[in-house]
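The values are calculated or read from the model by the stated rules, or taken from the named source; none is laboratory data. Since the structure is predicted, the reported quantities are computational estimates derived from the model, not experimental observations. Every residue, glycine among them, receives a Cβ derived from its backbone with ideal geometry; neighbour counts consider all protein chains shown. Quick note on the areas: whole protein, heavy atoms, side chains included, nothing else; ligands and nucleic acids left out. Shrake-Rupley method; radii C 1.70, N 1.55, O 1.52, S 1.80 Å.
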Amino acid sequence: LRATTTEKTERGKKTEKNMEKENTKIRPSTRQKITEITRMFYKDETRPAYDKILQLETEIHQLHTNSQNAIQRQKFQNELNVLKDNQIISVIKQESEIADQYIKELYSYEGWNVGKDSPNCKTFNRDEPGLESTTLRLEGPIDHNMFMPLPIFMEPDLFPQWVPFCKDAQILHEVTSYRKIVKVDLKLPFPFAVRESIMCGTGWPIKEKKAALIVLRGISEGDFLGFKVPAVNSRSVEMDVHKGIILLEWISDTKCYLRAIFNVNPKIPIVPQWLQNMVVKQVMPQILSIVRSKCDEFHDSIYQSRVQDKHEWYDGLRIRIRGLHEGKHRARL
């Protein structure tokens, strides 16, 4: 499942192939910038790519507005249409805007109902307009280096060992090193069928917060950057993942802080209030306790073995983490 940069770039070229005809209508300079944005995407330089997209859109909009020639105005409109129809550019913009929105949510407490409030664990919940399920929030300190919890969240096939109700989880496709398509199955108590969700998980270093952000968002059946997303198993019920946010914030070399927000709709007709309260006050704190326990037992564990087996990837992750809190390093977004 691990692809080389060359293979990922080739997939990007295939994704762009459908737009070759439109690209002939645009200026070489714009075509070159789109190529550079694509390259940055597959190198996980998402934030610089997003900035470049905004600069390019602003430039073309200004040329379109200032042009007095109808043919030239149409040419600039064609370029804007090419940017709008480019799936890689759309994904970069969506992910960047979602990340900015989620970071604000993670540091705001307005509108949240408190479930548990202690120095070691805080839980909250709230109902949001347009969402049928309740949004849940969890946060608390972890007495380990910030790197330690990351493999727990980065190895989906091990989710059944600690995620409540998780029956199976697997990586279906690796888009880039820090962007993967994951399928998760939850086994609920009888008489409910298995709940299944296919998500795109993306990792971000957040320099200004000295943190690493993981965003999970549900994706639908069909083409996603050259990968055919399969339909949900006919025996399962599709579970909607509206929000999935995990942020690990560096506090010191021996301590980090976990913040997480989830809104998952398992499509259960009626969720009793007592069950919601149990999730907020008991299940969510238990999740934080499990993560802490996995960190305590990291050495000689399956997670340490994974880090050793994938040492090149995890060494790169360590460098990015170090860059979050050491001024002489610069973490790339």
* **Checklist (1) at pLDDT below 90; (2) outside any helix (DSSP H, G or I) applied to Trp274, failing item** => (2)
* To do: Residues being charged (D, E, K, R) and over 30 Å from Gly201 (Cα atoms): count how many of those fall in the stretch 45-78.
  => 3
* Which residue pairs have Cβ atoms closer than 7 Å, lie 6 or more positions apart in sequence or on different chains, and pair a first residue in the stretch 295-317 that is at pLDDT 90 or above with a second residue that is part of a loop (DSSP other than H, G, I, E, B)? -> Cys295/His144; Cys295/Met148; Cys295/Pro149; Phe298/Met148; Tyr303/Glu155; Gln304/Phe298; Arg306/Glu155; Trp313/Ser177
* Could you count how many residues in the stretch 136-157 are open to solvent by less than 10 Å² (accessible area, probe 1.4 Å) and either assigned to a strand (DSSP E or B) or without any contact (Cβ under 8 Å) to a residue 24 or more places away in the chain (or both)? -> 4
* **Among (1) open to solvent by 50 Å² or more (accessible area, probe 1.4 Å); (2) modelled with pLDDT under 95; (3) part of a helix (DSSP H, G or I); (4) not aliphatic (A, V, I, L, M) - the single one Arg292 does not satisfy** => (2)
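Looking at Leu172, Leu188, which one is in contact with a Pro (Cβ under 8 Å, 6 or more places away or on another chain) and either part of a helix (DSSP H, G or I) or at pLDDT below 90 (or both)? Before the answer, list the steps.
Values: Leu172 fails: either part of a helix (DSSP H, G or I) or at pLDDT below 90 (or both).
When all the criteria are applied, what remains is Leu188.
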* Options Ser96, Ser90, Ser133: the member that is in contact (Cβ under 8 Å) with a residue 40 or more places away in the chain, in a helix (DSSP H, G or I) and small (Gly, Ala, Ser) -> Ser96
* Asked: Hey, among the residues in the stretch 254-271 that are open to solvent by 20 Å² or more (accessible area, probe 1.4 Å) and at pLDDT 90 or above, which one's farthest from Arg126 (Cα to Cα)?
  -> Thr254
* Answer with yes or no whether Ile103 is buried (at least 17 other Cβ atoms within 10 Å of the Cβ), modelled with pLDDT of 95 or more and either within 27 Å of Leu317 (Cβ to Cβ) or under 24 Å from the mean Cα position of the chain (by Cα) (or both). => no
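Just checking, how many residues over the stretch 191-223 are not in a strand (DSSP E or B) and not basic (Lys, Arg)?
The qualifying residues number 8.
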* To do: With the condition kept exactly as written, say whether any residue in the stretch 194-217 is touching a strand residue (DSSP E or B) at 6+ places or on another chain (Cβ under 7 Å), surrounded by fewer than 18 Cβ atoms within 10 Å (Cβ to Cβ) and among the polar types (S, T, N, Q).
  => no
* To do: Please enumerate the residues belonging to the stretch 165-186 that are touching a Cys at 6+ places or on another chain (Cβ under 8 Å), closer than 16 Å to Pro266 by Cα and of a type in the set (D, E, K, R).
  => Asp185
* Asked: From the list Thr46, Thr24, Thr6, which one is at pLDDT 85 or above and not hydrophobic (A, V, I, L, M, F, W, C)?
  -> Thr46
* To do: Check the stretch 67-86 and report whether any residue there is in a helix (DSSP H, G or I), aromatic (Phe, Trp, Tyr) and buried (at least 20 other Cβ atoms within 10 Å of the Cβ).
  => yes
